[in-house]
Amino acid sequence: MSIQEQLIESLETVLVPGVMRSLVDMKLVRDIDVNGGKVNVTLATASLSSETQGWLKDKIKEVSGKLTGVDEVSVGFVDSKPKDLNEIGHVIVVMSGKGGVGKSLVAGLAAVALQRCGCDVGVLDADITGPSIPKMFGITARPSGSESGIMPVLSKSGIEVMSINLLLSSEDEAVIWRGPLIARAITQFWEEVLWGKLDYLIVDLPPGTADAPLTVMQTLPVSGVIIVFTPQDLTTMIVKKAVSMTKQMNKPVIGVVENMSYLYVPEIDKKI
């Protein structure tokens with residue numbers, strides 16, 4: 001194994017504070033230069049505070065300096081933005097048009113299922129006025145970051161999460177914004193959050209077919225849409241509007257989930 005391969009392997013053991021994923025997975029390693037026994041590692045500054053940069057610099061020198069053939073290690077930084085580093089395989093949108101049908105539940109379970117299959121997964125909570133993803137994942141920590149961007153918060157299950165609720169002073173604080181501000185927040189969650197390398201990014205949409213869904217459909221490279229509904233005529237009528245929107249936006253519907261289909265009563269062993 002060459003020194004460069006050993007260096008990459010050692011950098012995979014260095015976890016970025018806050019998000020607790022490796023430098024390699026977060027796409028922060030921009031260059032590794034080996035000249036004899038001298039090694040120079042260049043990192044991106046995206047979303048890294050000055051304290052985090054200093055800690056990473058010391059940690060890289062520590063792990064790399066232990067390698068055979070390495071005499072001197074220097075670490076430099078280059079200015080960059082999260083959107084230039086992110087590498088996301090598929091963006092899956094969960095929508096309905098109707099509120100209260102379990103979109104967030106389906107988004108969360110889809111993320112967990114994909115993560116259990118060995119995929120790297122993130123969840124973008126695009127429901128700015130009614131965010132519930134952090135509560136669902138049991139997350140209360142605030143994201144870290146810098147002027148160049150912010151880090152998502154890692155859940156206990158290993159799924160990256162970003163939601164407006166993580167930025168509020170309290171989880172029950174109301175977000176009273178007009179459409180343009182909501183659209184801007186969603187765009188920032190896509191462009192200014194360092195997601196790193198992900199196989200899937202699940203986007204949890206609010207009800208309706210207005211500002212938030214339109215922003216997601218137009219701004220994000222959506223791979224497919226999961227439609228969620230419950231078995232009532234009124235719900236079906238409204239959900240059809242969401243399906244119509246996906247067709248007009250040329251986004252494929254890759255699945256339909258009928259939630260709350262029945263209630264199982266164990267005492268009589270019957271589904272109602």
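Each reported figure results from applying straightforward, stated rules to the coordinates on display, with no laboratory input. Owing to the predicted nature of the structure, the values given are computational and were not obtained by experimental measurement. Positions of Cβ are generated from backbone atoms using ideal geometry, with glycine treated the same way; all protein chains shown enter the neighbour counts.
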Under a crude label model (7 Å from the Cα following the beta-carbon direction), how far is S223 from D58 in nanometres? 3.9
Long-range amide H contacts for S22: which residues qualify at under 5 Å (H placed 1.01 Å from N, peptide plane, sequence gap of 5 or more or a different chain)? V16
Shape of the range 3-80, Cα gyration tensor, a/c cut at 1.5: prolate
If the reach is capped at under 24 angstrom between alpha carbons, list the lysines near K98, excluding any in the same chain fewer than eight residues apart. K135, K240, K241, K247, K251
Using alpha-carbon pairs under 8 Å, 6+ residues apart, how would you state the relative contact order of the chain in percent? 22
Could you pull out every residue, at least 5 positions away or on a different chain, whose amide H is within less than 5 Å of the one on G255? Hs are placed 1.01 Å off N in the peptide plane, and Pro or chain starts have none. V225, I227
So for S80, S2, S223, fewest C-beta neighbours within 10 Å to most, what's the order? S2, S223, S80
Counting only residues 5 or more apart in sequence or on a different chain, those whose built amide H sits under 5 Å from that of M249 are none
Please give the Cα centre distance for the range 240-272 versus the range 74-101, rounded to the nearest Å. 27
Ranked from fewest to most other Cβ atoms within 10 Å of their own Cβ, I88, I176 fall in the order I176, I88
Given pairs K83/K156; K27/K81; K59/K81 and cut-off 19 Å on Cα-Cα distance, the over-length ones are K83/K156; K59/K81
Among M260, M136, which comes first, then next, by fewest other beta-carbon atoms within 10 Å? M260, M136
Which trypsin sites (Lys or Arg not before Pro) in the range 51-101 pass both tests, a DSSP loop state and at most 16 other beta-carbon atoms within 10 Å? K66
How would you order 9-20, 160-171, 124-135 from highest to lowest mean count of nearby Cβ atoms within 10 Å? 124-135, 160-171, 9-20
To the nearest 20 debye, the range 96-189 has a Cα-centred charge dipole, built from +1 on Lys and Arg Cβ and -1 on Asp and Glu Cβ, of 240
What does the C-alpha gyration tensor say about the overall shape of the chain? Classify as rounded when a/c is under 1.5, otherwise prolate if a/b is larger than b/c, or oblate. prolate
